[in-house]
1. Given the criterion aliphatic (A, V, I, L, M), at pLDDT below 95 and within 12 Å of ligand 1 (Cβ to nearest atom), identify the matching residue among 168, 181.
2. Kindly evaluate residue 102 against the criterion of being within 15 Å of ligand 1 (Cβ to nearest atom), touching a residue at least 12 places away in the same chain (Cβ under 8 Å), assigned to a strand (DSSP E or B) and within 26 Å of residue 160 (Cα to Cα).
3. Within region 132-155, can you find the residues that are in a helix (DSSP H, G or I), among the hydrophobic types (A, V, I, L, M, F, W, C) and touching a strand residue (DSSP E or B) at 6+ places or on another chain (Cβ under 8 Å)?
4. State whether the residues of region 121-130 include one that is away from ligand 2 (no atom under 12 Å from the Cβ), part of a strand (DSSP E or B) and more than 18 Å from the chain's Cα centre (by Cα).
5. If we keep just the residues of region 81-97 that are part of a loop (DSSP other than H, G, I, E, B) and more than 11 Å from ligand 1 (Cβ to nearest atom), which is surrounded by the fewest Cβ atoms within 10 Å (Cβ to Cβ)?
6. Return only the number of the condition from (1) of a type outside the set (Lys, Arg); (2) over 21 Å from residue 35 (Cβ atoms); (3) away from ligand 2 (no atom under 16 Å from the Cβ); (4) surrounded by 14 or more Cβ atoms within 10 Å (Cβ to Cβ) that residue 100 does not satisfy.
Amino acid sequence: MNRLEVLHFPDKRLRKIAEPVKKVDNEIKNIIEHMFFTMYEEKGIGLAATQVNIHKRIIVIDVSENKDKKIFLINPEIISLSDDIDTMEEGCLSVPGFYETVSRPKTVKVSSLNYDGKQIEIEANGLLSTCIQHEIDHLNGKLFVDHISSLKRSRIEKKITKLKKEGAVPSRKSTPNYKSAI
Ligand code: GNR
Ligand code: NI
C-alpha cells in the first residue's frame, strides 16, 4: 500500500473541480483503499481525492476514536442542510499546522454511491457533519481557509509558502481540539 502525496495550499491543483465517478469498479476501490491508508498515516479524520491529486468525486472519512469506522462517499450530493449553525475549529491536511474557527450548517443529509453502485443516504451532525462538508468543499476546489477572512487566509498562504521554501512544512502530529464535537 502506498501513501499518496498530499497537496498543500496554495497549490492550484487544489482548486480543480473533481469529476463524477462513472462506474464503481476495481480502480475506484483501489483509490479508496489508498486514500484510507494515506488518511490514517497522516492522522486525518477525512481525505478528499482532490488532496492527493486525483480529481474524482471520492471522499474517505473516519471520525471514530478507535479508527475503526470507515466511511466513504462516491459522487456525494448534498440533499439538505440545516438552518442551525455549528462552529468548529477546523484543520486540513492541505493546510498543515493551521487551525481556524469555521461556521457551517449543523446537520447535513447527503447521497452517495456504495460499492454496488447503489445510491445511499447519510444524515450527520457534529464532527461527521463538519467533516463531510469540509470534504465536499475539496471536491469543488474549496478549502476551509475560504471560509475565513481574506487577511487571515493571505497570512496563512505567506507562512506556508515560506515554510515550504525552508523545507519545514509541519506535518500534522496531533488532532486539533474539537471544541464543539462532543
Ligand atoms: O483531519 C482533519 N481534521 C478536521 C478537523 C476539523 C474539521 C475538518 C477536518 S478534516 C481534516 C482532514 C482533511 O484535511 N480533510 O480534507
Ligand atoms: Ni481538508
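The values are calculated or read from the model by the stated rules, or taken from the named source; none is laboratory data. All values reported here derive from a predicted model rather than from experimental measurement. So basically every Cβ, Gly included, is an ideal-geometry build from the backbone, and we count neighbours across all protein chains shown.
1. 181
2. Taking the combined requirement at face value, the residue satisfies it.
3. Those that are in a helix (DSSP H, G or I), among the hydrophobic types (A, V, I, L, M, F, W, C) and touching a strand residue (DSSP E or B) at 6+ places or on another chain (Cβ under 8 Å): 132, 136, 139, 144, 145.
4. So far as region 121-130 goes, yes, one or more of its residues are away from ligand 2 (no atom under 12 Å from the Cβ), part of a strand (DSSP E or B) and more than 18 Å from the chain's Cα centre (by Cα).
5. Restricting to residues being part of a loop (DSSP other than H, G, I, E, B) and more than 11 Å from ligand 1 (Cβ to nearest atom), the top hit is 83.
6. Just one mismatch for residue 100, condition (3).
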